[in-house]
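Structure first, then comments.
All of the numbers you see were taken from the coordinates with simple rules; none came from a lab. Note that the structure is predicted; figures quoted are calculated from it, not measured. A quick note on method: Cβ atoms are made from the backbone with ideal geometry, for glycine too, and the neighbour counts reach across all protein chains shown.
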Amino acid sequence: MSRRIFAALELPPELQRQLAQLQKDLQAAAPPRSVRWVRPEGIHLTLKFYGDVAEARLLELQAGLARAAGAVSPMALTAEGVGVFPNPARPTVVWAGISGELAPLKQLQAAVEAEALALGFKPEGRGYHPHLTLGRVNDSVGPAEARRLMDALGPARARPIGRFSPAKLSLMESELGPGGSVYTPLNTVALGPLERSSQG
């Protein structure tokens with residue numbers, strides 16, 4: 001039996017509420033039915049997507065995340081601005097940006113990636129760009145609608161959203177449900193020295 005697994009930093013309820021308001025504002029301005037918006041409670045800061053993982057390997061991943069988390073202290077981050085992947089002409093994902101103490105965040109992501117590589121997981125094919133996925137653009141959106149969508153996002157490109165200080169790293173499971181993906185934390189470990197993280 002396998003599960004769809006990823007590592008992420010979860011968001012506090014207050015930031016989820018702020019992101020929900022942002023989504024509501026963007027949805028009102030965007031072309032109708034152009035974006036499938038992610039449920040606010042499901043928004044998280046992904047560090048590594050492992051894909052389908054055999055249940056027997058979950059303990060290995062948990063141990064690797066504990067080692068990675070032990071090398072980095074909690075950090076202060078800010079969610080601000082919006083953008084799209086891969087480009088404005090053919091947007092597929094609408095995201096909120098991350099700023100603040102990015103050096104420890106990238107150090108943590110690199111440590112998570114190194115642990116994954118040591119266990120035989122494939123490396124990411126691109127550099128790490130920290131972001132919060134707000135929605136996915138429908139395949140039916142053509143060039144004209146894409147331009148309207150980018151116009152709708154324009155006023156929020158530099159909009160401050162909220163601050164957060166993640167202190168724990170989570171091993172998450174993704175399950176596809178009737179209303180979209182449902183994310184469940186399987187194991188959580190505190191950031192910081194290993195003797196403290198073992199208590200998380």
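Between the helical axis of 102-118 and the longest alpha-carbon principal axis of the chain there is an angle of about 60 degrees. Normalised by the number of residues in the range 2-197, the average gap of Cα pairs under 8 Å and 6 or more apart makes the relative contact order 35 percent. Of all lysines in the structure, the ones whose alpha carbon falls short of 20 Å from that of residue 122, not counting any fewer than 8 places away in one chain, are 48, 106.
Between 0 and 90 degrees, the angle of helix 13-29 with respect to the longest Cα principal axis of the chain falls at about 30 degrees. Amide hydrogen proximity for residue 162: with H placed 1.01 Å from N in the peptide plane, the residues at 5 or more positions away or on another chain lying under 5 Å are 79.
Using the beta-carbon distance between residue 139 and residue 14 and R0 = 41 Å, what value does 1/(1 + (r/R0)^6) give for FRET efficiency, to the nearest 0.05?
Here the calculated transfer efficiency is 0.75.
By DSSP, the beta bridges lying fully in the range 65-200 are antiparallel in about 100 percent of cases. In the chain, the longest principal axis of the Cα atoms and the axis of helix 58-69 are about 80 degrees apart. Estimated from helices alone, the mean residue ellipticity of the chain at 222 nm is -9500 deg cm²/dmol (sum of -39500 (n - 2.57) over DSSP H runs with n ≥ 4, per residue).
Sparsely packed loop sites in the range 48-100 (the GluC sites (Glu not before Pro) outside DSSP H, G, I, E and B with at most 13 other Cβ atoms within 10 Å) do not occur.
Over the range 2-197, the hull volume per residue, using the convex hull of the C-alpha atoms, is 117 Å³.
Here the Karplus curve 6.51 cos²θ - 1.76 cosθ + 1.60, taken at θ = phi - 60°, turns the phi angles of the range 139-155 into couplings of 4, 6, 6, x, x, 5, 5, 4, 5, 5, 5, 5, 5, 5, 6, x, x Hz, with x standing for Gly and Pro. Each other residue within a Cβ distance under 14 Å of residue 81 adds +1 if Lys or Arg and -1 if Asp or Glu, for a net charge of +1.
Peptides 158-164, 174-180 ranked from most to least packed give 158-164, 174-180, packing being the mean of other C-beta atoms within 10 angstrom over each peptide's residues.
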